[in-house]
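K.L.:
Before I ask anything, here is the structure I am working with.
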Amino acid sequence: MATVAASASAAVDERSANRTDWILIGTSTVLAMFGLLMIYSATRATGTISMERQMMFAAVGAVMALVMSLIDYRDLRHRVPVVFGLTVLALVAVFFFPARNGAQRWIPMGPFAFQPAEFAKIVAILASAAILAPERPNYDTSRLKWSRILMVLGIVAPVMGLIFIEPDLGTMLVFVFVAFVMFFAAGASWRQVAIMTFGGISAVVLAFWSGLIADYQLARFRVLIDQDLDPQGIGYNLLRSKLAIGSGQLTGRGLFQGDATNFRYIPEQETDFIFTAVGEQLGFVGGLLVLLAFGVVLWRLLVIAANARDRFGALVTIGIAAMLMFQVFVNVGMTVGIMPITGIPLPFMSLGGSSFQVTTMALGIANSVWLRRSPVPGEPQLM
């Protein structure tokens, strides 16, 4: 008995000696600070206060990341049902508020606005991980059962449906990608992946045929195929974006330099098209460094997942990594013409409170997994 007690005490001491993943947090902080600089460069000519607002969001985000790091991530799985229910109610509530730019995505909160769809991402990841990593002892993790897949789809599909009709097709696609990655990480076979892929493609085709996809959404896909289509209309953003990034060439035109940024030739540059400010001012080198920084963040998340104490923590971290990777790929891809233009923000860098808070919360949860990776007798092992 004394030996077991000593072993438990030593394990607890080892866990208390764990330190924050400073590579993850440090790289994310650098990206956030660089994002502030790019937001300032994209809005300074108009005299807006966008950077000041984003600084407030960053400060709140830092606190949220700290709080989530201090909370034991395993306690979150028991709170998922309540949080998920509140998230669904918030997604329904957006339809009772006035539309902005033709969409109903926000709940006004004084001078700010709360976007439930952003927070639904992390809630869906937690809920999916809780289903895919049951707490039952001796659970067979060598293969993923269809019952688990259907349970995840059963809770995620209504959320995706609500987000789709806001409308917010880009955010809805984040859920699709994250779900597929988490299924694969949880042990889905290639046969199961193939069946789900066929089902997804069939759903997309049905949506096109039934008219569920709006004309302006279809036009974005047409512009992706024919990028010279309607340069003064639906293709304007893509044309201006490519011109701005191309003008930066290798090393850029210099910080705070560049016609596209200084004269506001690119709509929504501080939000959806913030990467164009990087490309124009700092060129290929600046853009590459930003992508390398995101690569470091992704690498650290995968390391955390590989060292997670239990299956739940591993799947949550993989889901977070998939969410960030998809958003970076789509956001940067749409600025250079390899992805359709959507409203997906660039993590850490795009102007926006809800997106920034969710990103920092997600990294806080990942850091919580890292801090609690050391084994303690009596706790479940990663299967």
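K.L.:
Once both labels are modelled 7 Å past Cα along the beta-carbon direction, what's the ALA194-LEU250 spacing in nm?
P.N.:
Each label point is offset 7 Å from its Cα along the Cβ direction, giving 4.8 nm.
K.L.:
Give me the dipole magnitude in Debye, nearest 20, for region 21-371 about the Cα centre, with unit charges on the beta carbon: positive for Lys and Arg, negative for Asp and Glu.
P.N.:
Dipole of region 21-371, to the nearest 20 debye: 640 debye.
K.L.:
For a label point 7 Å from the Cα of GLU268 along Cα→C-beta, name the residues of region 103-125 whose backbone N is under 19 Å from it.
P.N.:
103-108, 113-121
K.L.:
Something else: Determine by what factor the alpha-carbon radius of gyration of region 141-249 differs from 2.2 N^0.38 Å, reporting the quotient.
P.N.:
Against the compact-globule rule of thumb, the ratio is 1.37.
K.L.:
Now for a different question. Taking the alpha-carbon set of region 277-340, what are its Rg and Dmax in Å?
P.N.:
Cα radius of gyration and Dmax of region 277-340 are 14.3, 44 Å respectively.
K.L.:
Determine Rg/Rh for region 247-383; Rg is computed over alpha-carbon atoms and Rh is the Kirkwood hydrodynamic estimate from the same atoms.
P.N.:
My calculation of the ratio gives 1.10.
K.L.:
Sticking with this one: Could you tell me how many degrees, from 0 to 90 and to the nearest 10, lie between the Cα long axis of helix 146-164 and the main elongation axis, the longest principal axis, of the Cα atoms of the chain?
P.N.:
30 degrees
K.L.:
Compute the distance in nm between two label points, each set 7 Å from the Cα along the Cα-to-Cβ direction, one at PHE177 and one at MET151.
P.N.:
If labels sit at PHE177 and MET151, their model points lie 2.7 nm apart.
K.L.:
Mind listing the phi-derived Karplus ³J(HN,Hα) values for region 289-303, rounded to whole Hz, using 6.51, -1.76 and 1.60 with θ = phi - 60°, and x for any glycine or proline?
P.N.:
5, 5, 5, 5, 5, 5, x, 5, 4, 4, 4, 5, 5, 5, 5
K.L.:
Right, another one. Could you run the Karplus curve 6.51 cos²θ - 1.76 cosθ + 1.60 with θ = phi - 60° over region 174-188 and give me ³J(HN,Hα) per residue in whole Hz, x for Gly and Pro?
P.N.:
Result, rounded to whole Hz: 4, 4, 4, 5, 4, 4, 4, 5, 5, 4, 5, 5, 7, x, 4.
K.L.:
Of TRP22, PRO267, ASN101, whose Cα points farthest to the positive end of the dipole of the chain (charges on the beta-carbon: +1 Lys, Arg; -1 Asp, Glu; origin at the Cα centre)?
P.N.:
Checked the options; the winner is TRP22.
K.L.:
Report D for region 96-191 in µm² per second (integer): Stokes-Einstein, Kirkwood Rh on Cα pairs, 4 °C, 1.567 mPa s.
P.N.:
D = 87 µm²/s.
K.L.:
Another question, then. As an exercise, use a Förster radius of 22 Å and the Cβ-Cβ distance of LEU292 and ILE338 to find the FRET efficiency, rounded to the nearest 0.05.
P.N.:
0.75
K.L.:
Find the Cα radius of gyration of region 218-322, compare it with 2.2 N^0.38 Å by division, and give the number to two decimals.
P.N.:
Relative to the rule-of-thumb radius for its length, region 218-322 sits at 1.40.
K.L.:
Run the simple label-point estimate for GLU52 and THR29 please: 7 Å along Cα→C-beta, distance reported in nm.
P.N.:
For the pair GLU52/THR29, the computed spacing is 2.6 nm.
K.L.:
Next question, about the same structure. Arranged by the count of other C-beta atoms within 10 angstrom, fewest first, what order do PHE114, PHE57 take?
P.N.:
Ranking PHE114, PHE57 by Cβ neighbours within 10 Å, fewest first, gives PHE114, PHE57.
K.L.:
Right, another one. Mind putting together the pair-distance distribution for region 21-371? All Cα pairs, 20 Å bins, whole percent per bin, short to long.
P.N.:
Here the calculated profile for region 21-371 is 29, 59, 11, 0.
No lab work stands behind these numbers, since they all come straight from the coordinates. Computed from a predicted model, the values in this text were never measured in an experiment. A quick note on method: Cβ atoms are made from the backbone with ideal geometry, for glycine too, and the neighbour counts reach across all protein chains shown.
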